[in-house]
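Accompanying notes for the structure given below.
Every number here is computed from the coordinates shown, using simple stated rules; none is lab data. All figures in this text were calculated on a predicted structure; none of them were measured in a lab. So basically every Cβ, Gly included, is an ideal-geometry build from the backbone, and we count neighbours across all protein chains shown.
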Amino acid sequence: MLLSHSTWGMPRVPIEAAVAHCAALGFDGLEMTVIPGWVSDAAGLDVGARRQIRKLYDDHRLELCGISGNTPILASSPAEHTQNMTRFRGYLDMAADLQHPGEQLTVSTTSGGAPEEWEQVKGTLVERFGQLADHAQRVGVMVGMEPHVGAALHRPDQALWLLEQVSSPALTIHFDISHFNVQGMAMESVIEQLAPHSAHTHVKDERGIAPDHEFLIPGEGEMDYVRYLKAMDRAGYTGHIVVEISLMVQRRPDYDALEAATQSYHVLSRAFEEAGISRMYGSRSE
């Protein structure tokens, strides 16, 4: 496994500063967020800018470990649905532009909707994730669907059902354990179910049970990272463990994106050591 960060928690930090800071800390990779409102919004990055970003990663020997393209698959109107699907296909095309030969980047998103809507929308999710997976397969990347507390897709069994129904090698699970922890689910059981089918992850810290929960910076809450890493290792997961700083945290008046990344690195790197799990480096060891 490798330890990485996400620019989800760095919406206003220039990508040059984010890459340099995370590389200097010792992170193995950095996921890039490309949605509106972030400095790395895909809409503002032409082919030349995308090449420069990938060179920036390579120069700092930092892996581009994924793309956060959070665009709800369930929309409130036909016009919004068309816009969202078009935008997400663009993110898949961007991932194809950014990845090196032999890589297969994952572009992640959530279902949207609400938990009580699952039965009425699950067929729609099969259709729409299937369409996106078809596009991803054509361009050589993957779609990562993220079960999310408060969304229609929020349980392990639902994610596994969707995988089975779509049945595409270009569809995977984007596995954020925090969304199951705050639903009161047993960590080991969830990991055993989902880790073997997951190509990408997020972790954060948390306190409480939904809806009375908080997402926090690693080290501030109740998350047992040593326990988590050992369970992921037993489940055979070998990819990136990616720290995500939630919007809850970003709303703090004193929020400092670089300090949050620094604290996260120290907490998670210690957890790797305490768990006795080696970080298997990719391009950083070359």
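The fewest-to-most ranking of 25, 45, 268 by surrounding Cβ atoms within 10 Å reads 25, 45, 268. Sorting 230, 204 by the number of Cβ atoms found within 10 Å of their own Cβ, with the fewest placed first, yields 230, 204.
Extension gain, residue 79 to residue 262: 0.36 nm times the residue separation minus the Cα-Cα distance gives 61.8 nm. Sorting 207-214, 68-75 by their mean Cβ neighbour count within 10 Å, with the most densely packed peptide first, gives 68-75, 207-214. Sorted ascending by nearby beta carbons within 10 Å, beginning with the fewest, 27, 180 become 180, 27.
In units of the rule-of-thumb radius 2.2 N^0.38 Å, the chain shows an alpha carbon radius of gyration of 0.93.
Cβ-Cβ distance of residue 103 and residue 51, R₀ of 22 Å, FRET efficiency by 1/(1 + (r/R0)^6): the value works out to about 0.90. FRET efficiency for the pair residue 185 and residue 127, taken as 1/(1 + (r/R0)^6) with r the Cβ-Cβ distance and R0 = 30 Å, rounds to 0.65. Our helix-only sum for the chain, with -39,500 (n - 2.57) per DSSP H run of n ≥ 4 divided by its residues, gives a mean residue ellipticity at 222 nm of -13500 deg cm²/dmol.
By DSSP, the beta bridges lying fully in the range 2-285 are antiparallel in about 15 percent of cases. Rg and Dmax of the range 72-228, based on Cα coordinates, read 15.8, 45 Å. Look at where the Cα atoms of the range 11-87 and of the range 121-165 average out, and the two centres are 21 Å apart. Note on residue 24 and residue 87: with the Förster distance fixed at 25 Å, the Cβ-Cβ geometry gives a FRET efficiency of about 0.15.
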